[in-house]
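Below is one structure, written out as structure tokens; the observations come after it.
The values are calculated or read from the model by the stated rules, or taken from the named source; none is laboratory data. Quantities reported herein were computed from a predicted structural model and do not represent experimental measurements. Neighbour counts run over all protein chains shown; Cβ positions are idealised from the backbone, glycine included.
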Amino acid sequence: MSDQLTPPSITVVRDTREQAPLKISAYPVVVQKLVVGDYGILGFSDLVNPAFIVERKSLDDLVVSLTTERGRFMTEVQTMRRFRFAAVLVEGLPSDVWEKRYRSDATPQSVMASVDCLMVRCGIHMIWSLAELSAARQFERLVRAFVGGVIRDHRLLFGNKIAEAGAVEQKHGSASE
């Protein structure tokens with residue numbers, strides 16, 4: 001029996017309520033109910049191990065969430081704050097807010113002030129993307145960065161064994177292939 005640790009198997013979780021899913025291609029995706037958010041990582045996105053969660057918003061949805069549905073959204077934000085990494089992935093750019101490219105009477109100043117409060121007071125990362133496809137690629141990069149951190153944490157605890165196991169699997173394929 002080998003004492004080598006194997007790198008974690010990464011599976012993305014998409015919430016059952018997500019109606020227009022991102023086209024995730026870098027990882028397998030399972031659909032299951034998340035306590036909060038739209039996307040997570042299997043084993044890292046529940047209240048037992050609240051480590052990684054992403055809420056996806058169109059620009060119009062973000063503005064509604066920060067204005068007319070603020071109470072409901074802030075309840076979600078309170079749950080998101082329990083996660084080590086929590087983000088809102090916006091399909092739009094800050095320049096779209098400043099140029100008022102959304103359907104609402106809310107001023108750009110009001111919307112951006114709320115965004116600033118989410119980041120500063122609540123610790124929620126705001127990640128802006130050009131469109132749906134770039135949002136999917138951005139999400140995949142976030143997953144990759146998070147998993148890289150998990151692997152580094154394991155190295156600190158267990159030495160370089162997980163890195164060695166990962167290198168062997170990448171070079172030769174897994175034993176199950």
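For (1) in a helix (DSSP H, G or I); (2) within 30 Å of Asn49 (Cβ to Cβ), each residue gets a yes or a no:
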site	(1), (2)
Thr79	yes, yes
Ala86	no, yes
Leu89	no, yes
Val97	yes, no
Ser104	no, no
Val115	yes, yes
Exercise for the section: State whether the residues of the stretch 49-59 include one that is over 15 Å from Met119 (Cα atoms), surrounded by fewer than 18 Cβ atoms within 10 Å (Cβ to Cβ) and of a type in the set (D, E, K, R). Expected result: no
Problem - His125 in contact with a Pro (Cβ under 9 Å, 6 or more places away or on another chain) and of a type outside the set (A, V, I, L, M) - result: no
Fill in the blank from the handout: Ala163 vs (1) touching a helix residue (DSSP H, G or I) at 6+ places or on another chain (Cβ under 9 Å); (2) modelled with pLDDT of 95 or more; (3) surrounded by 14 or more Cβ atoms within 10 Å (Cβ to Cβ): all pass except (2)
Exercise for the section: With respect to Asp46, determine if the residue is out of contact with any Lys or Arg (no Cβ under 9 Å at 6 or more places or on another chain) and crowded, with 16+ Cβ neighbours inside 10 Å. Expected result: yes
Practice task
Would you check if Ile124 is at pLDDT below 90, surrounded by 12 or more Cβ atoms within 10 Å (Cβ to Cβ), over 22 Å from Ala20 (Cα atoms) and among the hydrophobic types (A, V, I, L, M, F, W, C)?
Solution key: no
Exercise for the section: May I ask you to verify whether Thr68 is more than 20 Å from Arg137 (Cβ to Cβ) and either in a helix (DSSP H, G or I) or touching a strand residue (DSSP E or B) at 6+ places or on another chain (Cβ under 6 Å) (or both)? Expected result: no
